[in-house]
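Okay, so here's the structure we're looking at.
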Amino acid sequence: MNRKENKVGIISKVSGPLIVAKNMEDVQMYDVVRISDKMLFGEVIELRGDRASIQVYEETAGIGPGEPVYYTDEPLSVELGPGLIESIFDGIQRPLDLIYEKTGDRIPLGIDVPRLNRDRVWDFKALANIGDRVGAGHILGEVQETSVVLHKIMVPVNFEGTITWIHQGKAKITDVIARIKDDTGKETDITMLQRWPVRRGRPYKQKLAPKEPMVTGQRVIDTFFPIAIGGIAAIPGPFGSGKTVVQHQLAKWADADIIVYVGCGERGNEMTDVLNEFPRLHDPKTGEFLMKRTVLIANTSNMPVAAREASIYTGITIAEYYRDMGYRVAIMADSTSRWAEALREMSGRLEEMPGEEGYPAYLSSRLAEFYERAGLVKCLGTDDRIGAISAIGAVSPPGGDTSEPVSQATLRIVKVFWGLSSALAYRRHFPAIDWLRSYSLYEESMREYFDVYIKKDWSSQVQKAMEILHEESQLEEIVRLVGIDSLEFQDRLTMECARSIREDFLHQIAFDEVDTYTSLNKQYGILKAILSWYNFGQKGLKEHLNFSDIANMNVREKIGRMKYIKEDDFEREYQEIINKINQEYKNLLAGDDFDG
């Protein structure tokens, strides 16, 4: 039997998206194979002797035993280069817009199209010179990928040597843009197109401790449960609690240069909303459309279940590529529960020993593999550039029960937990992040940043507000039993202040032009005004002022409308409100009938 015949396996079993083939002794784990003469796309996930279990990323109906399996001798990889931004891919990086142009609104089985456009011409501007000694991560030149993203062309990993020739001007991604001679005298052609195996993290010089907050403009997140640049967060919540809207808000407003949005097994209509909305959303930072710095991976729940797993790895590898250029990348995975369901199905078909609720025993380690590829790093290269990936994963536990395995495995890994509450969503309180259940482990390390760069009493204000909210939850039990009139005036004042924090600060309208984003200074100002009124109220009660006079101070209406003040006018109006609180309090003490 010659070598060519050795490179073809034979299907012995078909079980949904799992195919078992024999005569596969030369194949490697995680190699890509093509199934039958339909050339379906598959990946080897288990090897036993000459038998290989293959995860198929397309519909296997009509495939049967005896059909061939063709080797490719390559791992599952993505293509990296100019043209990624503004693209919409499926879970294995096939460009959906190009497939639509070629075949219509159905993806034919076995279709194989270039992941990146080979015909588009880019203007390559060389930054390195002939004779320069370069290594992995060294920037050879740059391309203006979109109006807001400058794409840096780097020396691929495992290359080192001296530049003998470099291109300047127009080029396609497959054209040679540089030649590098290594120490043995061998010359290698470098193009703008690179390939990278999705299951292997891209290397970097050093991982750094996150030290700055990723400002999102969402008050409940930035003030109470901040995420660091290079941090990892989870948003668990039941159906209808606003996970997708929160992720859209983060994609639009988060302090990131590049957005990678992975729709991993969500319902088709939700992904359709993203596809319709993102190209029309104006990016507040650049004035352009949001898609000018976004990569979309659309892998909905009606696509083959196995492709959900690949989509997560495809997304994080693209994010790492832009991180290596020195960009801050935010990757949104919506949702990791659907991805875990794909793991559970494949584990069941492989007849592995199940863990809790049928999920595989390695669920936690697979989740950790994904989240640990996020972080703040010093990139390869000579310029010590810093890049970051902030990973935010939505979790969709059945019935909102976060005691189930996917939520629990995620919570053991992530450092920020934004727990969504169906009770808040039913009350139309959005974002429905439950302040009693949520937490951020970055809060301690971010405290110094907020106190130094925003306001020196930021941390004390936040701590006081959280104490009031927790106190309210305890007082509510008493109110439900015996009514609010039975409370002392101090407790009623606390209840009133907590209501103001909830309604005037935590409640935020994503679709209001002004309220959709709040700067850190404005967040501090609103909270400071609420707590200033509360502090004066406590003093007033000790001075035997009437509780109803304190609760009905005219300034409270102005405090309630602070979130609608435009950023440019905020400092002036904030000072006016603080002065008005002081004045009204003095008038109450003087016994004046103050009417504003």
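For region 1-160, a Kirkwood hydrodynamic radius built from all Cα pairs, placed in the Stokes-Einstein relation at 10 °C and 1.306 mPa s, yields a translational diffusion coefficient of 87 µm²/s. Modelled this way, with points 7 Å down the Cα-to-C-beta line, the labels at Ile578 and Asn521 are 1.3 nm from one another. With a 1.4 Å probe rolled over the protein heavy atoms of all chains, the accessible area of Leu441, Leu250 falls in the order Leu441, Leu250, largest first. In percent, rounded to a whole number, the relative contact order of region 501-573 is 48, using alpha-carbon pairs under 8 Å and six or more apart. Would you mind getting me the FRET efficiency between Thr72 and Ala368? Use the beta-carbon distance for r and R0 = 30 Å, nearest 0.05. E(calc), rounded to 0.05, equals 0.55.
Counting charges near Ile468 (Lys, Arg +1; Asp, Glu -1) among other residues having Cβ under 12 Å from its Cβ returns a value of -2. Assuming R0 = 35 Å, can you tell me the calculated FRET efficiency for the pair Asp182 and Leu281, based on Cβ-Cβ distance, to the nearest 0.05? Calculated transfer efficiency: 0.15.
Lysines near Lys22 by alpha-carbon distance under 21 Å, same-chain residues fewer than 8 away left out - which ones? Lys22 reaches Lys4, Lys7, Lys13, Lys38. Of the two radii for the chain, the radius of gyration is 1.05 times the Kirkwood radius, both from the alpha carbons; that is the Rg over Rh value. Structural descriptor for region 450-585: relative contact order 26 percent, calculated from alpha carbon pairs under 8 angstrom and at least 6 residues apart. Mean residue ellipticity at 222 nm, helices only, the chain: -10000 deg cm²/dmol; runs of at least 4 DSSP H residues each add -39,500 (n - 2.57), and the sum is divided by the number of residues.
Expressed in Å, the radius of gyration and Dmax of the Cα atoms of region 62-123 are 14.4, 50. Remark: the Cα gyration tensor places region 463-596 in the oblate category, a/c being 1.5 or greater and a/b not exceeding b/c.
Compute the acute angle (0 to 90°) between the alpha-carbon long axis of helix 520-542 and the principal axis of greatest extent of the alpha-carbon atoms of the chain; round to the nearest 10°. The angle comes out at about 30 degrees.
Extension gain for Asp97-Ile478 works out to 131.3 nm (0.36 nm per residue, less the C-alpha to C-alpha distance). Angle of helix 268-277 to the longest C-alpha principal axis of the chain, folded into 0 to 90 degrees and rounded to 10: 80°.
Take the Cα of Arg427, step 7 Å toward its Cβ, do the same at Gln144, and the gap between the two points is 5.1 nm.
For the chain, the longest principal axis of the C-alpha atoms and the axis of helix 336-349 are separated by about 40°.
Calculated FRET efficiency, Ile130 to Ser12, Cβ-Cβ distance, R0 = 45 Å: about 0.20 to the nearest 0.05. Listed by chain and number, the aspartates and glutamates whose C-alpha is less than 16 Å from the C-alpha of Lys252, apart from same-chain residues fewer than 8 away, are Glu86, Asp222, Asp273, Glu277, Asp283, Glu288, Asp334, Asp512, Glu513, Asp515. For trypsin sites (Lys or Arg not before Pro), the sites in region 153-260 that DSSP calls loop and that have at most 10 other Cβ atoms within 10 Å are Lys186.
Using the 1.4 Å probe convention, the accessible area of the chain works out to 43 Å² per residue with neighbouring protein chains retained. Got the relative contact order for the chain handy, in percent, Cα pairs under 8 Å and 6 or more residues apart? Across the chain, relative contact order equals 13 percent. Annotation: extensible slack from Ser486 through Asn552 equals 21.8 nm (criterion: 0.36 nm per residue apart, minus Cα-Cα distance). In plain terms, the chain from Asn587 to Glu25 could stretch by 193.5 nm, reckoned as 0.36 nm per residue minus the Cα-Cα distance. With all pairs of different C-alpha atoms in the average, the Kirkwood value for the hydrodynamic radius of region 213-324 is 15.0 Å.
The amide H of Val78, built 1.01 Å from its N in the peptide plane, has Trp196, Val198 as neighbours under 5 Å, considering only residues 5 or more places off or on other chains. What is the sum of charges, Lys and Arg at +1 and Asp and Glu at -1, for the other residues whose Cβ falls under 10 Å from the Cβ of Tyr362? Surrounding charge for Tyr362 is -1. Using every pair of separate Cα atoms, the Kirkwood estimate puts the hydrodynamic radius of region 142-210 at 14.3 angstrom.
Using a cut-off of 19 Å between Cα atoms, the listed pairs Lys456/Lys522; Lys125/Lys172; Lys205/Lys285; Lys378/Lys456; Lys464/Lys558 include Lys205/Lys285; Lys378/Lys456; Lys464/Lys558 as exceeding that distance. Taking every DSSP beta bridge that has both ends in the chain, the antiparallel portion is near 70%. Between Arg412 and Lys456, the modelled labels are 4.5 nm apart [label points 7 Å from Cα along Cα→Cβ].
Global size of region 378-524: 19.0, 69 Å for Rg and Dmax (C-alpha atoms, Rg to one decimal, Dmax whole). A cut-off under 12 angstrom between Cβ atoms defines the neighbours of Lys207, and their net charge, with Lys, Arg +1 and Asp, Glu -1, is +3.
The values are calculated or read from the model by the stated rules, or taken from the named source; none is laboratory data. For clarity, every value in this text was computed on a predicted model and none was experimentally measured. Because the Cβ atoms are built from the backbone with ideal geometry, glycine has one as well, and the counts that use them run over all protein chains shown. Remember, those area values only see protein heavy atoms, side chains included, never the ligands or the DNA or RNA. Shrake-Rupley method; radii C 1.70, N 1.55, O 1.52, S 1.80 Å.
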